[in-house]
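Right, one structure below, let's go through it.
The values are calculated or read from the model by the stated rules, or taken from the named source; none is laboratory data. Source: prediction; values computed, not measured. All Cβ positions, glycine included, derive from the backbone under ideal geometry; neighbour counts span all protein chains shown. Just the protein is used for accessible areas: all its heavy atoms, side chains included, with ligands, DNA and RNA removed. Shrake-Rupley method; radii C 1.70, N 1.55, O 1.52, S 1.80 Å.
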Amino acid sequence: MARDSRYDVLFQPVRIGPVTAPNRFYQVPHASGMTNALPRVRAAFRETKAEGGWGVICTGACSIDQTSDDAPLPFATLWDKNDIQAHALMTDAVHRHGAMAGVELWHGGASVMNRASRLPPLSPSGVPWMATHVGFMGNLRPKSMDRSDIRDVLRWQAEGARKARTAGFDIVYVYAGMGYLGYEFLLPEYNHRSDEYGGGIENRVRFVREMLEVTRDAVGMDCGVALRVSLEELRGRPGEHHESEAHALVALLSDHADLFDVKMDSSPTDCSASRFTGEGSHEPVIDFVKRMTDKPVVGVGRFTSPDTMVSQIRRGVLDFIGGARPSIADPFLPAKIREGRVEEIRECIGCNICISSWHDGVPVRCTQNPTAGEEWRRGWHPERVTIAHRPEKVLVVGGGPAGLECALTAARQGHEVTIADRNAAWGGRLTFEKTLPGLSAWNRVVDYRLGRLAEMANVSMYLESELGVDEIADLAPDHLILAPGARWTRMLYSSMEIPVGTLEHPAVFTPDDIAAGRLPEGPTLVFDFDNYYYGGVLTEHLAASGIEVSYVTPAGQASAWTIMTNELPLVHRALARRNVSVTTLQMLTAFDGTTATLTHLFTGETTAVSCRSVLIVGLRLPRRTLVDAVEARRADLEAAGIRSIVTIGDGLAPGAIAHAVHSGHKAARELGQSEGRRHYLRDMPITDCEPGFDRAEAAE
Ligand code: ADP
Ligand code: SF4
């Protein structure tokens, strides 16, 4: 299909100093959880995006020295020739598809704890970075950099830049954002210096300017030099000669950078979840940059709509459409626009499960794209599957995220797929969850899959069709996939974290009751020990329905696990806005219809709370009815010709939607395969033992 000419502008080449990007699709640096210990996993992950049409592909933060050590959080390094070789796998892979490779050279300053290197963190004035996330907290405060420390960092940056050029990178970054060292020099709260590096904005940009200068000297005209800078704080500060200090910064550094990569200051505002923020949310902060410089500007905003992208270019906000999450959710987003296949874009839902992977210290996971991170180790491609030698009959029972993904992937392989759900609409848990405050974008998981399934002639879809063993035996597929989902329980736990049985009372509700339209009588006490989004969002939902509601959790914060997805501060704000009281460190231990008893997690002290109903958001268990019935009659089903029976998604192990989608994808890829073939490849670091690599020698 021909592409709409409106989108032609997105495919124009753009110069970045001495190099030229082939189009305006720019995968900005983003964490992938793939350190130098997983060089092949990383190269394949980045290569897939280049293949999908992104014109520039960058690494995540790449440390220039052992004084910038974020362990145990994952980070890349460019310290020695092994690192050069590890990165060269990625640059070669990216170049194979005509894209350019960028490296985000990085010094974490006071924000890293140097847990592995045990070297003192560096900072302009000994001021620590405040960490609110347990993974970032540490008990080592930074030293104040003297002049020789500044000279050292400039030297490490120059050496890093030379190594980057040797590794084959086309764009080399100076990083001055998100609390890291360059940023700390820019903000007077971190920078109390009385020398030429402190004081007015002209002095505070000096360190960053020198970093740009040494980078330029190091790479000459072989690479573009990019500045990545957070502008949220500085934009709020009036400048002496400019509208704000952010304006002054761009004016002062315009001659020194080939590209401005502009962003917000902290992860929750920079990578905000769709639950609280829409597409293009950075624009009010970064919209001025292009007026202050003739250098190209890249910014992000969870852009998935080509019309929004074109609008950003036409209105002079951005030159490059930056993408991190949209490029993870759909590595082929540019190709789909280029080829007039816009409706096939697998749009990022803004759930931030990808970010949780970094906080978890593991390679990236994505709700929408189950192949992310699996390109090398499992050989999964987001757009290609192996076509079956012989199409077989696949029956999928359950049309939630797991069942839909499994049906789609099996159908793409050419199988004859039947999918049935007892409900009147597709989407399983999402049919209700998409109606909750802020979660409408999550239904893209369903919309994308239904859109593709509707185009396929080899798929039959049946709603309002509850299947039992007899119906399954009658259909007699070759492969049976059970995706029945999970149910919420009334289970409670002791303060020793041991299950203590269920709380039975007619006014005790579970999320399934709410989804079924049974609203509790207020005041309602929500007791949440699931700790992800559901307890918080259901509390919002009840409050929005006019029910007086309070929120109680044994965790230290509301929706405690959402710290991993950048949502936690905004969950608290949302509950406060709805006048919901939040009580932490308390266990629900009894309820008699008028009074709930709370027991303090650590002291055992009890408190009586008046309420008419209780909603427990705690333990989910797989729906076993159909699975058990199938197991009980496995012999009959095998006699009817069913060769494999697999349970997937929440019906196997309840979890986030990302897990269900991955489980459904995996089951389809492995249809009929024996257990022995299911192990993934294990990557390993490149070490001194690696045979010959001449570019590494050249870097010495
Ligand atoms: P997952 O996240 O694993 O996809 P969901 O709970 O979202 O799980 O979806 C499971 C779907 O399976 C629900 O829509 C439910 O109605 C459907 N389902 C469960 N049991 C049956 C059955 N016996 N026949 C048809 N559909 C079923
Ligand atoms: Fe988008 Fe969620 Fe995938 Fe991240 S995990 S890229 S937020 S869909």
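Taking K and R as +1 and D and E as -1, what net charge do the other residues with C-beta under 13 Å from the C-beta of LEU525 add up to?
The answer is -3.
Which pairs break 20 Å Cα to Cα here: LYS336/LYS666; LYS263/LYS295; LYS49/LYS163?
Beyond 20 Å: LYS336/LYS666; LYS49/LYS163.
Could you work out how far helix 444-454 tilts from the main Cα principal axis of the chain, as a 0 to 90 degree angle to the nearest 10?
70 degrees
Can you give the accessible area of GLU521 in Å² (nearest 10), computed on protein heavy atoms with a 1.4 Å probe?
100 Å²
Between the alpha-carbon centers of the range 400-417 and the range 453-483, tell me the distance in whole angstrom.
Between the Cα centre of the range 400-417 and that of the range 453-483, the gap is 11 Å.
Counting only protein heavy atoms and a 1.4 Å probe, tell me what percentage of the chain's accessible area is made up of carbon and sulfur.
Within the chain, the accessible surface is 50 percent carbon and sulfur.
Over the Cα atoms of the range 322-426, what radius of gyration and what Dmax do you get, in Å?
Both quantities, over Cα of the range 322-426: 15.4, 43 Å.
Over what distance in Å are the Cα centres of the range 19-44 and the range 311-381 separated?
12 Å
Between the helical axis of 568-577 and the dominant principal axis of the chain, each derived from Cα atoms, what acute angle in degrees is found, rounded to the nearest 10?
Long axis of 568-577 versus the principal axis of the chain: about 70 degrees.
Would you mind pulling out the separation of the Cα centroids of the range 494-529 and the range 199-275, in Å?
Taking the Cα centre of the range 199-275 as reference, the centre of the range 494-529 is 50 Å away.
If one takes the longest principal axis of the Cα atoms in the chain, at what angle in degrees, from 0 to 90 and to the nearest 10, does the Cα axis of helix 39-51 lie?
Tilt relative to the chain: about 90 degrees.
Across bins of 5 angstrom width beginning at 0, how are the C-alpha pair distances of the range 232-389 distributed, in whole percent?
With a bin width of 5 Å, the distribution comes to 2, 9, 15, 18, 17, 14, 11, 7, 4, 2, 1, 0, 0, 0, 0.
When ranked by the protection proxy of mean other Cβ atoms within 10 Å per residue, highest first, what sequence do the peptides 564-573, 146-155 form?
Ranking, from highest mean packing down: 564-573, 146-155.
Can you give the FRET efficiency to the nearest 0.05 for HIS679 and GLU631, using r as the Cβ-Cβ distance and R₀ = 22 Å?
0.30
Can you tell me, using C-alpha contacts under 8 Å and at least 6 residues apart, the relative contact order of the range 168-319 as a whole percent?
Once normalised by length, the contact order is 21 percent.
Tell me, what ³J(HN,Hα) does each residue in the range 152-160 have, in order and in whole Hz, if you take phi through Karplus 6.51 cos²θ - 1.76 cosθ + 1.60 with θ = phi - 60° and put x for Gly and Pro?
Result, ordered by residue: 4, 5, 4, 5, 5, 4, 5, 5, x Hz.
So how many Å³ per residue does the convex hull of the Cα atoms of the range 136-246 work out to?
About 130 Å³ per residue, rounded to a whole number.
Going by average Cβ density within 10 Å per residue, which order do the peptides 111-119, 599-607, 79-87 take, highest to lowest?
Averaged packing, sorted descending, gives the order 79-87, 111-119, 599-607.
If each residue of separation counts as 0.36 nm, what is the full-extension length gain between LEU621 and SER465 once their alpha-carbon separation is subtracted?
Between LEU621 and SER465, full extension yields an extra 53.9 nm.
With no solvent and one point per C-alpha, what does the Debye sum give as log10 I(q)/I(0) for the range 258-343 at q = 0.14, 0.17 Å⁻¹?
At q = 0.14, 0.17 Å⁻¹ the computed log10 ratios are -0.49, -0.71.
Just order 295-308, 458-471 by mean Cβ neighbour count inside 10 Å, highest at the front, would you?
295-308, 458-471
Note down the net charge around GLU232, summing +1 for each Lys or Arg and -1 for each Asp or Glu among other residues with Cβ under 13 Å from its Cβ.
-3
Where Rh is the Kirkwood radius over the Cα pairs of the chain, the temperature 4 °C and the viscosity 1.567 mPa s, what D in µm²/s does Stokes-Einstein return?
Approximately 48 µm²/s, per Stokes-Einstein.
Mean 1/r over all different Cα pairs, inverted: what Kirkwood radius does the range 384-471 give, in Å?
The answer is 13.5 Å.
Where Lys and Arg each count +1 and Asp and Glu each count -1, what net charge lies around VAL94 among other residues with Cβ under 12 Å from its Cβ?
It works out to a net charge of 0.
How high is the relative contact order of the chain, in percent, with contacts defined as C-alpha pairs under 8 Å that are six or more residues apart?
Normalised by residue count, the contact order of the chain is 13 percent.
Work out the P(r) tail for the range 203-257: percent of alpha carbon pairs separated by more than 14 Å, whole number.
So the portion of pairs separated by more than 14 Å is 54 percent.
Working with all protein chains in place, sort ARG624, ARG633, ARG378 by solvent-accessible area computed with a 1.4 Å probe, largest first.
Output order, biggest surface exposure first: ARG624, ARG633, ARG378.
Within the range 158-213, list the GluC sites (Glu not before Pro) lying in a DSSP loop whose Cβ has at most 16 other Cβ atoms in a 10 Å radius.
GLU189, GLU196
Taking the range 380-483, which trypsin sites (Lys or Arg not before Pro) meet the DSSP loop condition and have no more than 11 other C-beta atoms within 10 Å?
ARG384
Find the relative contact order for the range 1-132 and round it to a whole percent, using C-alpha pairs within less than 8 Å whose residues are 6+ positions apart.
25 percent
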